[in-house]
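Below is one structure, written out as structure tokens; comments come after it.
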Amino acid sequence: FDPKQITIKEVGPRDGLQNESVFVPTADKIAWINQMSHTGLSYIEVTSFVHPKWIPALADAVEVAAGIERVPGVTYAALVPNAKGLERALTANIDEVSVFMSASETHNLKNINKTREETYPILAETTKAALAAGKSVRGYVSTVFGCPYEGAVAVDEVIRVTETLLEMGVQEISLGDTIGIAQPRQVQEVLEVLLRRFPADKLAMHFHDTRGMAMANVLVSLEMGMTTFDSSLGGLGGCPYAPGASGNIATDDLLYMLHGLGMQTGIDTDKLLEAARFIQGKMGRSLMSHSMQACQ
Ligand code: HMG
Ligand code: MG
């Protein structure tokens, strides 16, 4: 690998905390995000403006987003499913809005209570309004490598959703292995098809580590030219509407490999591990990342 600049998008405060049974008090969330803001991370997904009934762990989204320190050079993002979510996100002056939907119909229905066809106009309206408000917009496509309800997902479905989101004005698509089912050969095959259609710099990889394949999947993605990866500090996380989903790939483990390969992330590993120990102290259990297990 040529040494390269890799962008890590920290999703722990959102994807990590959304499925934890412990409600982390708002002040602790804010303190943790502030700590991470001083590690060299350039992007933190801080919360989610979904219905609090669906994701009670992030019911304090407005307070968190409005309460954090805004460190120059760090983009503060949040999940936004619709106009109501955008209204809340704008109140809290979030920098970047992440819309989301699934490549598979059943997961989309279970996750956001709409068919894919019903979802498009909602996300188009949200994207348009967010861009008009001066925000950047990211889009997640879930179940890219498999659906907990439907099994295999055709790459054509992924292309259709990705293309539709990009046409709406979404600026980057994060390809979600929602249930951590992908393996390296499949990642290579899917990316080969997608990269014929979309430039690598429009795509990011979002691997969950349910079957321990996330790191291998990142390595293959790097070989294919991908440079943006989502991860969660300490391996926190899951998806409540995707049975079997475990945490995202751990940011600390990912850094260990990337720096070992001579790649640059701009992130200070020691400072990041300090932030991992802070949130571990609030979770009442050990974090699952290998780095945290090794450095207790
Ligand atoms: P719905 O019930 O169909 O919504 O939920 P609705 O538009 O019919 O509205 C019903 C009520 O909810 C109304 O209130 C709305 O105002 C309110 P009422 O008039 O009855 O009092 N409402 C809201 N309140 C607060 N914030 C909002 C909001 N929207 C409506 N944004 C909805 C539709 C999308 C809101 C719901 O299904 C939902 O919140 N789903 C959450 C799903 C979720 O967060 N899933 C996890 C994140 S996705 C993920 O983890 C995957 C990812 O990591 C990538 C990967 O791994 O693949 C991103
Ligand atoms: Mg996820």
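The values are calculated or read from the model by the stated rules, or taken from the named source; none is laboratory data. Everything numeric in this text was worked out from a predicted model, so none of it was measured. A quick note on method: Cβ atoms are made from the backbone with ideal geometry, for glycine too, and the neighbour counts reach across all protein chains shown.
When you check Thr164 against the structure, is it under 30 Å from Val24 (Cβ atoms), outside any strand (DSSP E or B) and polar (S, T, N, Q), yes or no? Reasoning before the result, please.
Details: under 30 Å from Val24 (Cβ atoms): no; outside any strand (DSSP E or B): yes; polar (S, T, N, Q): yes.
When the stated conditions are applied, Thr164 does not pass them.
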*Could you count how many residues in the range 187-207 are farther than 16 Å from Gln171 by Cβ and basic (Lys, Arg)?*
2
*Does Val97 satisfy the condition of being within 15 Å of Leu165 (Cβ to Cβ), buried (at least 17 other Cβ atoms within 10 Å of the Cβ) and more than 14 Å from ligand 2 (Cβ to nearest atom)?*
yes
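Yes or no: Ile173 of a type in the set (A, V, I, L, M, F, W, C), away from ligand 2 (no atom under 11 Å from the Cβ), surrounded by 23 or more Cβ atoms within 10 Å (Cβ to Cβ) and at pLDDT 95 or above? Show your work before the answer.
On the way: of a type in the set (A, V, I, L, M, F, W, C): yes; away from ligand 2 (no atom under 11 Å from the Cβ): yes; surrounded by 23 or more Cβ atoms within 10 Å (Cβ to Cβ): yes; at pLDDT 95 or above: yes.
Yes; evaluated as a whole, the condition is true for this residue.
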*List the pairs whose first member sits in the range 267-290 and is farther than 14 Å from Leu17 by Cα, whose second member is of a type in the set (Lys, Arg) and surrounded by fewer than 21 Cβ atoms within 10 Å (Cβ to Cβ), and whose Cβ atoms are under 6 Å apart, counting only residues at least 6 apart or on separate chains?*
none
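If I go through the range 130-159 residue by residue, how many of them are hydrophobic (A, V, I, L, M, F, W, C), away from ligand 2 (no atom under 13 Å from the Cβ) and within 17 Å of Met101 (Cβ to Cβ)?
Filtering the range 130-159 for residues hydrophobic (A, V, I, L, M, F, W, C) gives 130-133, 137, 141, 144-145, 147, 152-155, 158-159.
Going one step further and asking which of them are away from ligand 2 (no atom under 13 Å from the Cβ), we end up with 130-133, 137, 147, 152-155, 158-159.
If we keep only those that are within 17 Å of Met101 (Cβ to Cβ) as well, we get 130, 137, 147, 153-155, 158-159.
Total meeting the criteria: 8.
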_Selected residue [at pLDDT 95 or above, under 18 Å from Asp230 (Cβ atoms) and not basic (Lys, Arg)] from Val62, Val99, Val153_ = Val99
_the range 246-260, subset within 15 Å of ligand 1 (Cβ to nearest atom) and touching a residue at least 60 places away in the same chain (Cβ under 8 Å), residue farthest from the chain's Cα centre (by Cα)_ = Ser246
